[in-house]
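To start, the structure itself, in structure tokens.
The values are calculated or read from the model by the stated rules, or taken from the named source; none is laboratory data. The structure displayed is predicted, hence computed values, not measured ones. All Cβ positions, even for glycine, are placed from backbone atoms using ideal geometry, and neighbour counts span all protein chains on display. Heavy atoms of the whole protein, side chains included, go into the accessibility calculation; ligands, DNA and RNA do not. Shrake-Rupley method; radii C 1.70, N 1.55, O 1.52, S 1.80 Å.
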Amino acid sequence: MATSNWNAQDIHNQQGRLVLITGATSGIGKETAQILAGKNASVILAVRNMAKGQRVIDEILAQHPEADISARELDLTSLESIKAFSDSIIHDFTQLDVLINNAGIMMCPYSKTTDGFEIQMGTNHFGHFALTGRLLPLLMNTKGSRIVVLSSLAHRFGNINLSDIHWSNRSYNTNKAYGDSKLANLYFAYELNRRLKGIKDAPIVTAAHPGWTETELQRHTGFFSFLNNFFAQDTSMGALPTLRAGFDDSVESGDFFGPAAFFEMRGYPVTVKSNKRAHDTTLANELWRHSEEMTGIEFSI
Ligand SMILES: NC(=O)c1ccc[n+]([C@@H]2O[C@H](COP(=O)([O-])OP(=O)(O)OC[C@H]3O[C@@H](n4cnc5c(N)ncnc54)[C@H](OP(=O)(O)O)[C@@H]3O)[C@@H](O)[C@H]2O)c1
């Protein structure tokens, strides 16, 4: 039974379960990996920098020498890398219990992914859309599986312009582009939940946001890095919404978790509400169609 201050101690033994975390080389992903390794899950770190991934593995093994933890290369800015990564997972495993779509970038200068997508939408949304679509058959094959999608309070600043999603005809607003990508994460989580509803053994789909947590995410924003000193919580708290979304038995598909206190910026994880726009099913469907076209991935539902 979960306490009111749900925390990592509420996660039961994960022996025999396979968890895949994107972007686990720092911040919330790294903390999540560390906790799950300590709960005896088999953990795969999906990382773009294998040397950094190995350093995280060494740190985790120093704490949990028996941990079953490994890293595989995944660059979410490349559809080719996503395919190679997913093919290797599907080849090597017969189950995938929890997929945590954690990796993200924020407020970086304008650039495009290998496939020509605006970099924040490309990494945060399109990359994870393609990855989830490719891994869905494995998740469908695994009883009790889950997909956790990381969003942000910044979804509230999002208002996606589907006719110019790559910012080709507007001057680039990096804050807004981040908000758009985090709104896209919610459209995706909610729409996937709707599409899987009623299908036997379909994965539970949840979303989470970590409030304001000090990580490497703020690397492009001197101002936010400075404000970390006053507002940010540490990763041991910041990882809790993800962990609750992925491992609390009482969760329902479609739930969204975030911190309970100080305008959802800090505290223990509870179910939270996204804004009204995130529940617009017409927009969610349009983004879905667009995402299928852009990535060439059709979900086998
Ligand atoms: N921290 C917060 O306050 C906050 C608030 C709201 C939402 N979030 C969300 O939480 C999630 C985790 O962020 P964080 O705060 O832990 O930030 P972080 O410390 O910067 O971690 C982000 C991770 O994503 C990885 N990554 C970035 N681009 C990638 C790519 N193309 N392919 C594969 N991996 C990639 C990074 O890898 P490298 O180590 O190689 O850079 C890193 O491991 C993100 O989705 C973010 O939007 C965070």
With a 1.4 Å probe and every protein chain kept in, tell me what percent of the accessible surface of the chain is carbon plus sulfur. 50
Cβ neighbours within 10 Å, averaged per peptide: list 206-213, 128-135 in order, most packed at the top. 206-213, 128-135
With N residues in the range 88-130, Rg(alpha-carbon) / (2.2 N^0.38 Å) equals 1.45
If packing is taken as the average count of other Cβ atoms within 10 Å, what order do 270-276, 177-183 fall into, highest mean first? 177-183, 270-276
Simple spin-label model, 7 Å along Cα-to-Cβ: Asn285 to Phe223 in nm? 3.9
Where the only charges are on Cβ atoms (+1 Lys, Arg; -1 Asp, Glu), what is the dipole of the range 12-294 about its Cα centre, to the nearest 20 debye? 500
Please compute the Kirkwood hydrodynamic radius over the range 150-274, one decimal place, Å, based on all pairs of different Cα atoms. 15.6
Scan around Ala103 for amide H atoms under 5 Å from its own, H built in the peptide plane at 1.01 Å from N, and keep only partners 5 or more places away or cross-chain. Thr22, Gly23
Where GluC sites (Glu not before Pro) fall in DSSP loop in the range 35-87, at most 11 other Cβ within 10 Å: Glu66
From largest to smallest, what semi-axes in whole angstrom does the range 12-294 give when each is the square root of 5 times an eigenvalue of its alpha carbon gyration tensor? 26, 22, 20
How many angstrom lie between the C-alpha centres of the range 64-88 and the range 218-287? 24
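Based on DSSP, what percent of beta bridges with both residues in the chain are antiparallel, to the nearest 5?
15
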Burial ranking of peptide ranges 287-295, 163-171 (average Cβ count within 10 Å, highest at the top): 287-295, 163-171
Rank Ala71, Thr132, Thr114 by how far each Cα sits towards the positive end of the charge dipole of the range 1-134 (+1 on Lys, Arg Cβ; -1 on Asp, Glu Cβ) and give me just the farthest. Thr114
Only bridges with both residues in the range 1-118 count here: give the DSSP antiparallel percent, nearest 5. 5
Keeping all protein chains in place, calculate the accessible area per residue for the range 170-272 (probe 1.4 angstrom), answer in Å². 41
Karplus-derived 3J(HN,Hα) from phi for the range 202-207 (6.51 cos²θ - 1.76 cosθ + 1.60, θ = phi - 60°), whole Hz, x at Gly and Pro, runs 5, x, 6, 10, 10, 10
Please list the three semi-axes, largest first and in whole Å, of the ellipsoid equivalent to the range 59-216, using sqrt of 5 times the eigenvalues of its alpha carbon gyration tensor. 27, 19, 16
Under 5 Å, built H, 5+ apart or other chain: amide partners of Asn275: none
Only Lys, Arg, Asp and Glu count, each charged at its Cβ (+1, +1, -1, -1), so figure out the dipole size of the range 162-212 about its Cα centre, rounded to 20 debye. 120
Report the full-extension gain for the segment Ser4 to Tyr172: residue separation times 0.36 nm, less the Cα-Cα distance, to one decimal in nm. 56.2 nm
How much accessible area per residue does the range 50-166 have, counting only protein heavy atoms and a probe of 1.4 Å, in square angstrom? 40
Dividing the helical contributions, -39500 (n - 2.57) per DSSP H run of n ≥ 4, by the residues of the chain yields a 222 nm value, nearest 500 deg cm²/dmol, of -12000 deg cm²/dmol
Filtered hits (lysines, Cα-Cα < 21 Å from Lys182, offset >= 8 within chain) -> Lys30, Lys112, Lys273, Lys276
